[in-house]
Amino acid sequence: MAVQQVTIQNASGFHIRPAQLFIEKAVQFQSKILIKPEGTTVIADGKSILNLMTLGLEKGSVITIEAEGPDETDAVSQLAQLVNSGFGEA
């Protein structure tokens, strides 16, 4: 299992556009991907827009990205990079 903790960087938080970008990247991988917000027991499927949107993540929210499967390391690395980039938002 590959795991990395990241902080939501973009000012608008994890709204529909970032969630869609995250899913578009996540579905490229065979691995199972889970998102766990810090300080909660909630676990979201990283390939489900409904699951991601219900998290209500704002700027500064810390999440853990976990992946398990044949391409888990690449999945976590690329998804963390996407989050750290602020999803291309200014």
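What to note about this one:
- Set of aspartates and glutamates with alpha-carbon distance to LYS59 below 19 Å, sequence-local pairs under 8 removed: GLU38, GLU89
- Evaluating 6.51 cos²θ - 1.76 cosθ + 1.60 at θ = phi - 60° for every residue in segment 68-77, the Karplus couplings come out as 9, x, x, 10, 4, 5, 5, 4, 5, 4 Hz, glycine and proline recorded as x.
- Placing unit charges on each Cβ (+1 for Lys and Arg, -1 for Asp and Glu) gives the chain a dipole about its Cα centre, and among VAL76, GLN5, THR40 the Cα reaching farthest toward its positive end belongs to THR40.
- Residue order, fewest to most surrounding Cβ atoms within 10 angstrom, among PHE87, PHE14: PHE87, PHE14
- Converting phi to 3J(HN,Hα) with the Karplus coefficients 6.51, -1.76 and 1.60 and the offset θ = phi - 60°, segment 2-12 yields 9, 9, 8, 9, 9, 10, 5, 9, 6, 4, 7 Hz in sequence order, with x at every glycine or proline.
- Bridging of LYS47 to aspartates and glutamates at a Cα separation below 17 Å is possible for GLU24, GLU66, GLU68, ASP71, GLU72, ASP74, once same-chain residues fewer than 8 apart are set aside.
- Here each label is just a point 7 Å from Cα along the line to Cβ, and for VAL42 and GLU68 those points are 2.2 nm apart.
- For segment 18-25, backbone phi angles converted through the Karplus equation (6.51, -1.76, 1.60; θ = phi - 60°) give residue-by-residue couplings of x, 4, 5, 4, 4, 5, 4, 6 Hz, Gly and Pro being listed as x.
- Ratio of Rg to Rh over the chain (Cα coordinates, Kirkwood Rh, two decimals): 0.92
- Helical content of the chain, expressed as a calculated mean residue ellipticity at 222 nm, amounts to -9500 deg cm²/dmol (DSSP H runs of 4 or more residues, -39,500 (n - 2.57) each, divided by residue number, nearest 500).
Quick note: the coordinates plus some simple rules give every number you see, no bench work behind them. The structure presented is a predicted model; accordingly, all values stated were derived computationally and were not measured. All Cβ positions, glycine included, derive from the backbone under ideal geometry; neighbour counts span all protein chains shown.
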